[in-house]
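The structure appears right after this line, and notes come after that.
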Amino acid sequence: MEKSFNLNCLENGIAVLTMDVPGETMNTLRGDFAPEICDILAQIKADSQIRGLVIISGKKDSFIAGADISMLGACQTREDARQLSKQGHEVFFALESLNIPVVAAIHGACLGGGLELALACHLRVCSEESKTVMGLPEVQLGLLPGSGGTQRLPRLVGITAALDMMLTGKQLRPKQALKLGLVHDVVPHSILLQTAIEMALNGKKVPLKPRQSLISRLLESNSIGRNIIFDQALKQVYKKTQGNYPAPAKIIDCVRQGMSKGMLVGLETEASHFGDLVISPESAALRSIFFATTEMKKESGAGDVEHRPVNKVMVLGGGLMGGGIASVTTTKAKIPARVKDINEKGLSNALSYAYKLLDKGVKRRHMTRAVRDNLMSLMTTTTEYKGVKDADIVVEAVFEDLNLKHQMVKEVERECNEQTIFASNTSSLPISQIAEAATRPENVIGLHYFSPVEKMPLVEVIAHKGTSAQTIATTVAFARKQGKTPIVVQDGAGFYVNRILALYMNEAANLLLEGQSVNHLDKALVKFGFPVGPMTLLDEVGIDVGAKIAPILEKELGHRFKAPSAFDKLLLDERKGRKNGKGFYLYGAKSKKKLVDESVYKVLGIAPSESGDREELAQRCIVQMLNESVRCLEEGIIASARDGDIGAIFGIGFPPFLGGPFRYIDTLGADKLVEVLNHYVSLHGERFTPCGRLIEMAASGETFHS
């Protein structure tokens, strides 16, 4: 059996321990490694010739990417998980207790358990490569660092900085880590091992003092100040999570206990809270998202078909969407993009959009000016079809007008080559209708991005019946290179995400017309777990956009998609949302607090009230979305419940701690959902009628996920 850890003793008395898990591209820590590590540490301790130890990775581009999350699934009880945490404590304490200098030589990802291992070393040095990042992202899986991270990190970098890292899961670059005192040195990768060996030869050093601001230093130096930090952190956490995620509060408690009562108490608290979190439904849901996205990265979207390489991209339209698509193509995928617009102003806007995004990276010292300028050079512009013959894919981001899109298809087929893919960023028009104008319909596909493109992780790849498998595979691979999570959906009005979103938004508008206040509605859905409420979302997307999509959906999908009269009334008053500074909320006001534009109630002819029960308001909006999600699966619009969950979470911010619409239905029970829907049918009409698949599942007790 191949070993994961190999010890090599050098002539100068330094031992180099190399971690290289066989058959894996990245190192991850597993519980069954403990005996192997303990044997090696005992061997080192017994050898008086060893003067120092360097721990390094045998992988090309990673140190240790974290713990193997799949082992948590084997924990049947809270106590199982607690023991797993305590095992980590024992191994890392044994490492930390060695009476020789122990140096972590870090190159590539050093995350989660990987950073906890590095924290247990006496010294740390990392490579200056951009691939090198350090962080404790466990909170993103509904967990906390369970191998001593909540105790060692605050003592190394200070309480404030440690909480910031653990509560956000942020990853530090090498220079940031050095500035914070997380590492002792940053060097070129070529001399990383040599530097680590020299550090070990020089012996243990006095631990670095946290590099803190004066305020942080003053607050952290006494119990009153520390309590202020913890209390403020709890308030901020609750404001952000609405109490829906238990992990952040438990992280704060671990640090509080450890810093006030000592490290041993802190470790006991850490193990106890880790046990609670591992078996929590929130962590189970968040881990399911992790496994789903990991699984999806291995799929082409078209079976075993190989994708073609994409070496050049053309974007039609220099507006907000076009500029964003071109930007992620050049900056994330590093693929040249040529933007075409009918006038220079549109092209100037696209270039400006991309430059501002890159320049933020320069200002934050994430990149140099030279890197920014090199990436900008990948984006070129034109008002004519010049320099586009060799484009592998053309992404169309023009107005939602079928005739205009038909014109674009014909022009691209005339000006580009026979293999060029025509990808439409339409948000509602069926792709089959766009493909009607094509002589090569097998090259036509939908590629639906969400705004703002650079921030929203999802993209829908929409295949009509004539789309070739290679076109699908190539488009999926291209979207991944842009840093997106693509889901393949079948053709149909609204596709998947906008279709389920439309009914949710319509129901919120119905509630508004019934007299519920804008603020009350938004708070109800934020409390449920959405990042923003429906009224805020409508302002951000554009009230005019919602109004334009609604009739298309009603025509194709039926009367249940009929939009409430609110949209017409708002547009007659020229309310489009943030884009024209006039919507449900006030824009341009000096107040930092977001204020409702009270004049909107007069436009709608209602007297606002906050009398509605928030849970019931949220339920009315959500059950519409859940029902339509199942209908999309029933009709084959989405291939699986997994894809439906990922699409809703990454596309519209469905609460991740619920695991997505389908996992949430499993939690509720299909029978309970049908009961709630039928209750609303009796109160509000047929738009709440449960779909056939849901009724069948309610009768059989079937679930979407095993």
With a cut-off of 8 Å between alpha carbons and a minimum separation of six or more residues, what is the relative contact order of the range 393-523 in percent? 20
In whole Å, what is the distance between the alpha-carbon centres of the range 666-683 and the range 169-234? 53
VAL630 neighbourhood, Cβ < 11 Å, K/R = +1, D/E = -1, net charge -2
May I ask you to sort PHE422, PHE450, PHE584, PHE93 by Cβ crowding, counting other Cβ atoms within 10 Å and putting the fewest first? PHE93, PHE450, PHE584, PHE422
Please report the relative contact order for the range 313-492, taking Cα pairs under 8 Å with a sequence separation of at least 6, and give it as a percent rounded to a whole number. 21
Give me a comma-separated list of calculated 3J(HN,Hα) values for the range 400-417, in order, Karplus coefficients 6.51, -1.76, 1.60 applied at θ = phi - 60°, integers in Hz, x for any Gly or Pro. 6, 9, 4, 4, 5, 5, 4, 4, 4, 4, 5, 5, 5, 5, 6, 9, 9, 8
What translational D, rounded to a whole number of µm²/s, comes out for the range 120-233 from Stokes-Einstein when the hydrodynamic radius is the Kirkwood one over Cα pairs, at 25 °C and 0.890 mPa s? 161
In deg cm²/dmol and to the nearest 500, what is the mean residue ellipticity at 222 nm of the chain if only DSSP H runs of at least 4 residues count, each as -39500 (n - 2.57), divided by the residue total? -15500 deg cm²/dmol
Enumerate the lysines that LYS389 could reach by cross-link, defined here as Cα to Cα under 27 Å, with residues fewer than 8 away along the same chain left out. LYS312, LYS332, LYS334, LYS340, LYS345, LYS405, LYS410, LYS465, LYS481, LYS484
Taking the Cα centre of the chain as the origin and placing charges on Cβ (Lys, Arg +1; Asp, Glu -1), which of SER280, ILE543, CYS621 is farthest toward the positive end of the dipole? ILE543
Take every Cα pair under 8 Å in the chain that's 6+ residues apart, average their separations, divide by the length, and report that relative contact order as a whole percent. 9
Under the Karplus relation with 6.51, -1.76 and 1.60 and θ = phi - 60°, whole-Hz ³J(HN,Hα) for the range 348-363, x at Gly and Pro, equal 4, 5, 5, 5, 5, 4, 5, 5, 4, 5, 5, 5, 4, x, 5, 4
Please report the net charge: other residues with Cβ closer than 13 Å to the Cβ of ILE40, K and R +1, D and E -1. -1
Roughly how big is the chain's charge dipole about its Cα centre, with Cβ charges of +1 (Lys, Arg) and -1 (Asp, Glu), in debye to the nearest 20? 2760
Could you work out the per residue convex hull volume over the alpha carbons of the range 313-492, in cubic angstrom? 98
Checked the range 1-105 against the a/c 1.5 cut and the a/b vs b/c comparison, axes a ≥ b ≥ c from its Cα gyration tensor; verdict oblate
Quick check: from the Cα gyration tensor, does the range 294-414 come out rounded (a/c under 1.5), prolate or oblate? oblate
Straight-line reach from LYS204: which lysines have a Cα under 22 Å away, not including same-chain ones fewer than 8 places off? LYS45, LYS179
From the C-alpha coordinates alone, can you work out the Kirkwood hydrodynamic radius of the range 1-50, in Å? 12.0
Once the principal axes of the Cα atoms of the range 172-250 are found, what is the range along each, listed largest first in whole angstroms? 48, 29, 19
Would you work out the charge dipole size for the range 3-94 about its Cα centre, treating the Cβ of every Lys and Arg as +1 and the Cβ of every Asp and Glu as -1, and quote it to the nearest 20 debye? 180
Under a 5 Å amide H to amide H cut-off, with H placed in plane at 1.01 Å, what residues pair with TYR585 once short-range neighbours are removed? ASP597
Please compute the Cα-Cα pair-distance distribution of the range 5-279 with 5 Å bins starting at 0, giving whole percents from short to long. 1, 6, 13, 18, 19, 18, 13, 8, 4, 1, 0, 0
Starting from the 7 Å offset along Cα-to-Cβ, what nm value, one decimal, do you get for the label separation of LYS60 and GLU616? 6.1
Simple spin-label model, 7 Å along Cα-to-Cβ: THR382 to SER130 in nm? 2.7
Would you list ASP568, ASP597 from fewest to most Cβ contacts within 10 Å? ASP568, ASP597
Say R0 is 30 Å: what FRET efficiency, to the nearest 0.05, do HIS679 and TYR587 get from their beta-carbon distance? 0.20
Ranked output for segments 44-53, 142-151 by mean other Cβ atoms within 10 Å, highest leading, reads 142-151, 44-53
Pairs LYS131/LYS261; LYS455/LYS562; LYS298/LYS356; LYS170/LYS240: which are spaced more than 27 Å apart, C-alpha to C-alpha? LYS131/LYS261; LYS455/LYS562; LYS298/LYS356
If you consider only alpha-carbon coordinates, what radius of gyration and Dmax does the chain have, in Å? 27.6, 86
I'd like the distance between the alpha-carbon centres of the range 18-90 and the range 549-563, rounded to an integer number of Å. 56
Between the range 114-130 and the range 566-596, the Cα center-to-center distance that results, in Å: 49
What's the ranking of 315-327, 604-616 by average number of surrounding C-beta atoms within 10 Å, highest first? 315-327, 604-616
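The numbers here are math on the coordinates, done by the rules we state, and not lab data. No experiment lies behind these values; they were computed from the predicted model shown. Glycine also receives a Cβ, built like all others from the backbone with ideal geometry; neighbour counts cover every protein chain displayed.
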